[in-house]
Amino acid sequence: MLAFFAGLPLPAFIYDPETLRIIQVNPKAPQHYGYTETEFLGRLVTDFHTAQEHDTVRAQIAQSRKGNTMTVRNWQHIRKDGAVLDVEVWASNIELDGRHCRMAIMNDITGKRQIETALRESNERFELAAKASKDAIYEWNPITNELLWTTGLTMLFGWQPEEVTFNRWHALVHPDDVDETDRTLKEAVADPAQEIWSHDYRFRHQDGTWRDVQERCFIIRNEQGVATRCIGVLQDISEQKRLEQALLKKELERQKIIGQATIDSQEKERAEIGKELHDNVNQILTTTKLYLDLAQSNAELRDDLLQKASANVMHVINEIRFLSRSLADPSIGDLGLVDSINNLVADIQKSRQLEVRLTINGDPDTALERAKKLMVFRIVQEALNNVVRHAQATVATVYIGQEGNIFKVVIQDDGVGVASKELVYGAGLNDIKNRVYLVDGNFQIESAAQKGVRLSISFLI
């Protein structure tokens, strides 16, 4: 018996159940608890327990004297250095030299308890994080197909975690999405170089509706590159999809408005060209033909008529040149914005219909890209054409320039103006407004009767 006791690989001691004093220890006990064999002998069993366990220890030992010979229980023991150990104790009644005794064998499970506590705390933190994120988080074993979910699955999709096994998940994917989802997942798991798998598909809610979801998982592999675990998250992106579709619809409507404005602008230009050719150029040419016909039959007036016809032809040439230049794409790339606007202003000044005072701040040609240069030119051109045709103005001021990261264009005239409530957006103003809208700029127009019109445009550069 003592040979068996001494050879035990675990700490053990023998004690008197009446006095609770230890009478024998094996070699492992002093090593594990930090006491010498002499210090062990004569100590009470309760000396090795925390104060909270003393009464329970005494009660169990008392029960053993009534026939409860074998017990297994977890306790907390105290080493000599004060460290507290979690131990699993097997205790049994024995006879030693004709004396009733009890033997206790201790298995130190402190490390196991620490691991269990850490795992429990980790799981609790994981569950709390899952609840806070409002996502359905899962762990999947690709080898066994074991699938474990957090309670986020219930909050988002109504399913209890134990309801959605791997095969059940497969069945809850929309029939039109399941093949592509399954294919990409299998390819990701099989590819040793792939660590992340992400896919969007439709997933059935417990209430029978389909939800747009995004699934993303991190693939954990062993040294051979075989996938052993996948930690992933399933997010409900239905609202995000709805907003994206609403934005897409809004963008399509915006494009339709811009398209219609473009068509309206083109129709306006065609109408103005037709009117200019018919009411002006055509009338002058008709008169010129009459002069030439009269010159053939009237020798006395021939020279005077030919001179008038020649003047009319020159006038038509100038009208057509002005019309073509107003329609043609200005050579912004060659001349630059500043020179192009200067040429535009010079042409208007030559007509003596309007005095234009131009102010340029900074270097617009450096500040703006080509598309914005063309936009600014067209806005100035359209605004000045409106002033010439409708404002009955004598002076127009044009300001273009950079102020910080803002580019501004301001055109103002001293014409008849119009009351704000009577202001009508014709094709010209709508064309300007749409051009500004395309660069996310600001457009303002101010007018009052007999106080002219002020047009202000600004945008980021």
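The phi-based Karplus calculation (6.51 cos²θ - 1.76 cosθ + 1.60; θ = phi - 60°) puts the 3J(HN,Hα) values of the stretch 73-87 at 7, 8, 9, 10, 10, 10, 6, 4, 7, x, 5, 9, 10, 8, 10 Hz, whole numbers, x for Gly and Pro. The long axis of helix 178-190 is offset from the longest Cα principal axis of the chain by roughly 60 degrees.
What does the accessible area per residue of the stretch 209-255 come to in Å², with a 1.4 Å probe and no ligands, DNA or RNA counted?
On the way: 3140 Å² over 47 residues.
With the other protein chains kept in place, the stretch 209-255 gives 67 Å² per residue.
Which order do the peptides 179-185, 212-218 come out in when sorted by mean C-beta neighbours inside 10 angstrom, highest first?
Details: 179-185: 14.3, 212-218: 18.3.
Result, highest mean first: 212-218, 179-185.
Rolling a 1.4 angstrom probe over the chain with all protein chains present gives an accessible area of which 51% lies on carbon and sulfur atoms.
Under a 5 Å amide H cut-off, with hydrogens placed 1.01 Å from N, Glu355 pairs with Val395, Ala396 among residues at least 5 apart or on other chains.
Residue ranges 243-254, 37-48 sort as 37-48, 243-254 when ordered by packing (mean number of other C-beta atoms within 10 Å per residue, highest first). Mind sorting out which of (i) 74, 57, 39; (ii) 79, 51, 50; (iii) 167, 48, 45 is the real Cα extents along the principal axes in Å computed from the coordinates? So the structure-derived entry is (iii).
Which of the pairs Lys308/Lys433; Lys250/Lys408; Lys249/Lys373; Lys186/Lys249 have their Cα atoms more than 32 Å apart in this structure? All intermediate terms of the calculation are to be shown ahead of the outcome.
Details: Lys308/Lys433 44 Å; Lys250/Lys408 28 Å; Lys249/Lys373 30 Å; Lys186/Lys249 35 Å.
Violating the 32 Å Cα-Cα cut-off are Lys308/Lys433; Lys186/Lys249.
The 3J(HN,Hα) values that the Karplus relation (6.51, -1.76, 1.60; θ = phi - 60°) gives for the stretch 159-171 are, in residue order, 7, 6, x, 6, 6, 9, 6, 4, 5, 5, 4, 4, 6 Hz. Gly and Pro appear as x.
Ranked by the mean number of other Cβ atoms within 10 Å of their residues, highest first, the peptides 373-380, 439-446 come out as 373-380, 439-446.
Residues whose amide H comes within less than 5 Å of that of Trp159, counting only those at least five positions distant or on another chain, are Gln206 (H built at 1.01 Å from N in the peptide plane).
The values are calculated or read from the model by the stated rules, or taken from the named source; none is laboratory data. In this text, all values refer to a predicted model and were calculated from it rather than measured experimentally. Glycine gets a Cβ as well: all are built from the backbone with ideal geometry, and neighbour counts include every protein chain shown. With ligands, DNA and RNA removed, areas are computed over all heavy atoms of the protein, side chains included. Shrake-Rupley method; radii C 1.70, N 1.55, O 1.52, S 1.80 Å.
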